[in-house]
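*Asks:* Please read through the structure below; I'll follow up with questions.
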């Protein structure tokens, strides 16, 4: 009996690990120094939108480190959760970072070199990474051109206009190398989640597809009589 219970417990652990939300983080073609761009490939679960203009493939997304004082091991899969604050220190996502990352992913960040030259894009990535760290309290951060542009966008600056507020659809991808607790954390990255309207439309679309299949099946069955 004890052996049977032990076997069941082991199978449950294996099963839970097999279906955990997981993502793989790699350097990708534009990774610069110890910062982004990194390439994130979802393995299980919804880690965020993929295939946006700045991404290198339809099934992955480009991302950056949130905190400079945490390290990340590349290649291995990580369990993840999504939130609006970091794992270590519970630091909330800054609106300036959300502005920078959203526009980066959409291919609309002014001054970012999206061209085919890897050296130039890595240089832009390095500058953007330091701007992200600047607003998230990282010691390696820099109040550079991207950081200043983010301030202008989120405050009533020289033009008197605020063009971005809050964090929008940007979230923190919280990575874990074990249980979802502080002792198992490794790093925080950035992601963009689907807008609520997109989720609603998706649910409606799935519901309509299920109804239409039922309708056709019922109609064929009735026609047989």
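*Asks:* For residue 185, which of the numbered conditions (1) surrounded by fewer than 18 Cβ atoms within 10 Å (Cβ to Cβ); (2) at pLDDT below 80 fails to hold?
*Replies:* Checking residue 185 against (1) surrounded by fewer than 18 Cβ atoms within 10 Å (Cβ to Cβ); (2) at pLDDT below 80, the one that fails is (1).
*Asks:* Sticking with this one: Checking the condition under 15 Å from the mean Cα position of the chain (by Cα) and under 11 Å from residue 190 (Cα atoms), which residue from 54, 47 passes?
*Replies:* Sole residue among the options that is under 15 Å from the mean Cα position of the chain (by Cα) and under 11 Å from residue 190 (Cα atoms): 47.
*Asks:* Answer yes if at least one residue in the range 32-47 is touching a helix residue (DSSP H, G or I) at 6+ places or on another chain (Cβ under 8 Å), under 25 Å from residue 112 (Cα atoms) and not in a loop (DSSP other than H, G, I, E, B), and no otherwise.
*Replies:* Checked the range 32-47: at least one residue is touching a helix residue (DSSP H, G or I) at 6+ places or on another chain (Cβ under 8 Å), under 25 Å from residue 112 (Cα atoms) and not in a loop (DSSP other than H, G, I, E, B).
*Asks:* Based on what the data block shows, is residue 106 in the same structural domain as residue 63 (by TED's automatic domain parsing), surrounded by 17 or more Cβ atoms within 10 Å (Cβ to Cβ) and on the phi < 0 side of the Ramachandran plot?
*Replies:* Numbers: in the same structural domain as residue 63 (by TED's automatic domain parsing): yes; surrounded by 17 or more Cβ atoms within 10 Å (Cβ to Cβ): no; on the phi < 0 side of the Ramachandran plot: yes.
Spelling it out, it is not the case that residue 106 is in the same structural domain as residue 63 (by TED's automatic domain parsing), surrounded by 17 or more Cβ atoms within 10 Å (Cβ to Cβ) and on the phi < 0 side of the Ramachandran plot.
*Asks:* Right, something else. Enumerate the pairs (first residue in the range 51-77 and not assigned by TED's automatic domain parsing to the domain that holds residue 38; second residue anywhere and assigned to a loop (DSSP other than H, G, I, E, B)) with beta-carbon separation below 6 Å, excluding pairs fewer than 6 apart on the same chain, so at least 6 apart or on different chains.
*Replies:* As it stands, the answer is none, since no pair meets every condition given.
*Asks:* Quick check: is even one residue across the range 149-165 under 23 Å from residue 33 (Cβ atoms), surrounded by 14 or more Cβ atoms within 10 Å (Cβ to Cβ), out of contact with any helix residue (DSSP H, G or I) (no Cβ under 6 Å at 6 or more places or on another chain) and at pLDDT 95 or above?
*Replies:* yes
The values are calculated or read from the model by the stated rules, or taken from the named source; none is laboratory data. Just so it is clear, the model here is predicted, and its values are computed rather than measured. Positions of Cβ are backbone-derived with ideal geometry, glycine not excepted, and every protein chain shown enters the neighbour counts.
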